[in-house]
Amino acid sequence: MQALLRAENLVKRYPRKPPPGSPENLVALDGVSFAIVQGTTLAIVGESGSGKSTLAFCLACLERPTSGSIWFGDIDIAKLTGEDLRQVRPRIQLIFQDPANSLNPRWSVSEILSEPMILQGRTNRDEITRRSHMLLERVGLSCELEERSPSELSGGQRQRLAIARALALEPEVLILDEALSALDCSVQAQIANLLMELQSSLGMTYLFITHDLGMAAHLADEIAVMNRGQIAEQGPTDKILNLPRHETTRRLLAAVPGLPRGTPPGLEQ
């Protein structure tokens, strides 16, 4: 099947003023390549500092890569500027770890959901209200919350609201950057089930970025493990869990009780 989103040899360097003898650029991404088939989930798993969030920002068109290509269908969005870029951004939405940092604390739930629709040019107030109610229902929130502010919601409710706001733009890809890690275990499971239901009903495509290989195993069709700005290994979820080839993967597996530890290199049948 054809990939909906594809990265090819993606590089991102940040200039810095290093101590004498150190490199002048911080290399956050170093030749990253992968593809996501429409309607599936690719998990990008790695330890802190591996380049996961930089990758998310580049794919969401919030950072421009130093080199390489990001193909969204047949469009290289890494090369887009101006109005062409603004046309693509709504189709790839990024959901952050802490929605409190991305939701305007002075706005009500209703205003937060209305804003993206107004920016899209929708001006019919009744239509906006109907769609806002539909979005709240879709993510499992009561319409009775629409006049509340984000501070009056629980962490799980805020994350559901962030998902609803992203869906208001009718995206084709959701990038979830550690979107479950700030929640307790029971709420994580609820949001994970919501994501799977949305994928089933809407045909959503997910890039799920996490340090938690256990949650990646639950959600993803395929896993790519990042280490120092590169993809250390990539493959179907079962293969990564049962035959980990890279030390980073084995460390991540060891951190999750109950997951298979895989077969040590050299002992594969």
- Note on the structure: Sole miss for ALA216 among (1) farther than 27 Å from TRP71 by Cα; (2) of a type in the set (Gly, Ala, Ser); (3) outside any loop (DSSP other than H, G, I, E, B) is condition (1)
- Task: State all residues of the range 96-148 that are polar (S, T, N, Q) and farther than 30 Å from THR54 by Cα; if no residue qualifies, say none.
- Result: SER108, SER110, THR123, ASN124, THR129, SER132, SER142
- Considering residues of the range 1-24 that are more than 19 Å from the chain's Cα centre (by Cα) and surrounded by 13 or more Cβ atoms within 10 Å (Cβ to Cβ) only, the residue modelled with the lowest pLDDT: ARG13
- Task: Read through the list (1) β-branched (Val, Ile, Thr); (2) buried (at least 21 other Cβ atoms within 10 Å of the Cβ); (3) within 13 Å of LEU5 (Cα to Cα); (4) out of contact with any Pro (no Cβ under 7 Å at 6 or more places or on another chain), then give the number of the only condition that VAL45 fails.
- Result: (3)
- Query: Failed condition for ILE92, given (1) free of Cβ contacts under 8 Å to residues at least 12 places away in the same chain; (2) surrounded by 14 or more Cβ atoms within 10 Å (Cβ to Cβ), with all others met?
  - Reply: (1)
- Item | Test: residue in the range 179-191 that is touching a residue at least 24 places away in the same chain (Cβ under 8 Å), assigned to a loop (DSSP other than H, G, I, E, B) and touching a strand residue (DSSP E or B) at 6+ places or on another chain (Cβ under 6 Å) | yes
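For PHE57, state whether it is of a type in the set (Phe, Trp, Tyr), in contact with an Asp or Glu (Cβ under 9 Å, 6 or more places away or on another chain) and in contact (Cβ under 8 Å) with a residue 40 or more places away in the chain.
no
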- Give the range 106-159 a look and list any residue that's of a type in the set (A, V, I, L, M, F, W, C), closer than 20 Å to LEU195 by Cβ and in a loop (DSSP other than H, G, I, E, B), or say none. VAL139, LEU141, LEU153
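Conditions (1) in contact with an Asp or Glu (Cβ under 9 Å, 6 or more places away or on another chain); (2) at positive phi; (3) surrounded by 15 or more Cβ atoms within 10 Å (Cβ to Cβ); (4) in contact (Cβ under 8 Å) with a residue 12 or more places away in the chain, marked per residue:
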| residue | (1), (2), (3), (4) |
| --- | --- |
| TRP107 | yes, no, no, yes |
| ILE118 | no, no, no, no |
| ARG130 | no, no, no, no |
| SER149 | no, no, yes, yes |
| LEU153 | no, no, yes, yes |
| ARG158 | yes, no, yes, yes |
| LEU161 | no, no, yes, yes |
| LEU176 | no, no, yes, yes |
- Task: Of the numbered conditions (1) in contact (Cβ under 8 Å) with a residue 24 or more places away in the chain; (2) under 19 Å from SER33 (Cα atoms), GLU233 fails exactly one; give the number of that condition.
- Result: (1)
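The values are calculated or read from the model by the stated rules, or taken from the named source; none is laboratory data. Computed from a predicted structure; not experimentally measured. Virtual Cβ from ideal backbone geometry, glycine too; neighbours counted across all protein chains shown.
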